[in-house]
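A.B. asks: Please see the structure below; I have some questions.
The values are calculated or read from the model by the stated rules, or taken from the named source; none is laboratory data. These numbers come from a predicted model, not from an experiment. Using ideal geometry, Cβ is built from the backbone for each residue, glycine included, and neighbour counts are taken over all protein chains shown. For the accessible areas, the whole protein counts, side chains as well, though only heavy atoms, and no ligand, DNA or RNA atoms are used. Shrake-Rupley method; radii C 1.70, N 1.55, O 1.52, S 1.80 Å.
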Amino acid sequence: MRHIFALLLLSLQPLLQAADGGYATPADFGYPALSLEPQQYLIPAVEREWHISGLAPMRATLQGIKGKWGNRAIVILRTPSGRNITTAAFSLSDTDIEAVSNWLKKNEFIDFATHREGSTMARIHSVIPVGKEYHVNLIMTDGSRHALRTNTQPVNAEYARKHATSTYQVTDGTLELLRSHVGRKSEGRPTLPIATSVDEAQLYATLNNVGIAVFYLNRRGSAADLAFRHYLAHKPELVAQWAQHFVFLMAYCDERGMYPPECHEGELTISLTHGTTGTHATNLCNTNTELAQIRNAWLHNTAYLGYVTHLHNVRFGNPSQQKFTTQSHVGNARVESMLQLRDKVFNLFGY
């Protein structure tokens, strides 16, 4: 363990020159600057000539479809001038329908079948085991991202009918596809999206439909800071998973062990935006000086790393009874557990 700390300290020498607290930059962790371009989940189609019933042939690019693929599906096209055109699939020519079918295959859309809500075409983006459920992110055929929970063990149609909940009860075939995505490793070194301000974090979260995670890393070069960097370096699969669901703010305290006002004000701003100030997250939002000192004393405890996650407008429930939920979760991780690379050190999702 001492050897690990010695190596990390050498790599952190430039950072240790900055004694002031505040938010870290992506470069501090060896990551590129945060991109504020909306993430594109669909493989683009090529521009081609379309033959729609009742219209003259036109050149356009397929943008996506709405509804289950079939005669009544709505096809979305964009002309070279930027005009969007929607048309029912039954009005397309045979060659147009073939082009749409090939595009769906290229984007790896599958039949996501459930016992209660029927089936829809979607691409599995990520699957995270959380207790007795899978937290699943799907990419829909119109390019939107949809979050839901599913069962992790096989269930039959009768069980699903008698146990109607907001959790999707998927068929055995869909369940096998979900299991094949659990722990899937990404190619290359995964990048953690790190924002340098609350405004930047909120913009990225809105553009990419992800949550915000705030990590309190104590002083630069502290035991918690070093252990956390060690954990990230040896857990690339976890970095890839986190990157799909959160944008990060990495907060440091100053040499006195105090987090600067921008960190407290930032936590309050995020909590107000997410409507979570009435929860236990309030303990991290007070601006009263005495409370701030007590809070800082807990946050820079050398044996722990504290963090707060915010999820905003996450979709849950079946399509006909879909609801949006907002939640905040406060957690901590032991330095010893991070150095030992234990799998369940963090619980960013809070359930």
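A.B. asks: In debye, nearest 20: dipole of region 86-195 around its Cα centre with unit charges on the Cβ of K, R (+) and D, E (-)?
C.D. replies: Working: 13 positive and 12 negative charges, 121 e Å.
Charge dipole of region 86-195: 580 debye, to the nearest 20.
A.B. asks: Magnitude of the Cβ-charge dipole of region 44-128, K/R +1 and D/E -1, about the Cα centre, nearest 20 debye? Provide the component values of the computation, followed by the final result.
C.D. replies: Numbers: 11 positive and 8 negative charges, 51 e Å.
Result for region 44-128 is approximately 240 debye, rounded to the nearest 20.
A.B. asks: Can you compute the FRET efficiency between Thr326 and His181 using 1/(1 + (r/R0)^6), with r the Cβ-Cβ distance and R0 = 35 Å? Round to the nearest 0.05. All intermediate terms of the calculation are to be shown ahead of the outcome.
C.D. replies: Working: r = 26 Å, r/R0 = 0.75.
For Thr326 and His181, the calculated efficiency is 0.85.
A.B. asks: Could you pull out the pairs from Lys132/Lys344; Lys105/Lys344; Lys132/Lys235; Lys106/Lys132 whose alpha carbons sit more than 25 Å apart here?
C.D. replies: Violating the 25 Å limit, Cα to Cα: Lys105/Lys344; Lys106/Lys132.
A.B. asks: Averaged per residue, what accessible surface does region 178-232 expose to a 1.4 Å probe, in Å²? Each step should come with its number before you reach the end.
C.D. replies: Values: 2150 Å² over 55 residues.
Averaged over the residues of region 178-232, the accessible area is 39 Å².
A.B. asks: Once you have the Cα-Cα distance between Ser81 and Glu237, take 0.36 nm times their residue separation minus that, and quote the gain in nm to one decimal.
C.D. replies: Values: separation 156, 0.36 × 156 = 56.16 nm, distance 4.17 nm.
Residue separation times 0.36 nm, minus the Cα-Cα distance, leaves 52.0 nm.
A.B. asks: Can you give me the % of accessible surface on region 120-204 that is carbon or sulfur? Probe 1.4 Å, all protein chains present, nothing else counted. Each step should come with its number before you reach the end.
C.D. replies: Working: 2040 of 4090 Å².
Heavy-atom surface of region 120-204 belonging to carbon and sulfur, 1.4 Å probe: 50 percent.
A.B. asks: Arrange the peptides 119-127, 46-54 so that the one whose residues have, on average, the most other Cβ atoms within 10 Å appears first. List each step's numbers first, then the result.
C.D. replies: Numbers: 119-127: 18.8, 46-54: 13.2.
Result, highest mean Cβ count within 10 Å first: 119-127, 46-54.
A.B. asks: Further question on the same structure: Determine the dipole magnitude for region 225-266: charges of +1 sit on the beta-carbon of Lys and Arg, -1 on that of Asp and Glu, nothing else is charged, the reference point is the Cα centre, and the result goes in debye to the nearest 20.
C.D. replies: Details: 3 positive and 6 negative charges, 44 e Å.
For region 225-266, the charge dipole is close to 220 debye.
A.B. asks: Considering the options Leu232, Met258, Gly221, tell which one lies farthest towards the positive end of the dipole of region 220-277, charges being +1 on Lys and Arg and -1 on Asp and Glu at the Cβ, about the Cα centre.
C.D. replies: Comparing the listed Cα positions along the dipole, Leu232 ranks first.
A.B. asks: Please work out the Kirkwood hydrodynamic radius for region 9-129, using every pair of different C-alpha atoms, and report it in angstroms with one decimal place. The partial results should precede the final answer.
C.D. replies: Values: mean 1/r = 0.0546 Å⁻¹.
Evaluated over region 9-129, this radius sits at 18.3 Å.
A.B. asks: Another one. Show log10 I(q)/I(0) for region 191-277 at q = 0.15, 0.16 Å⁻¹, two decimals, from a solvent-free Debye sum over equal Cα scatterers.
C.D. replies: Rounded to two decimals, the profile gives -0.60, -0.68.
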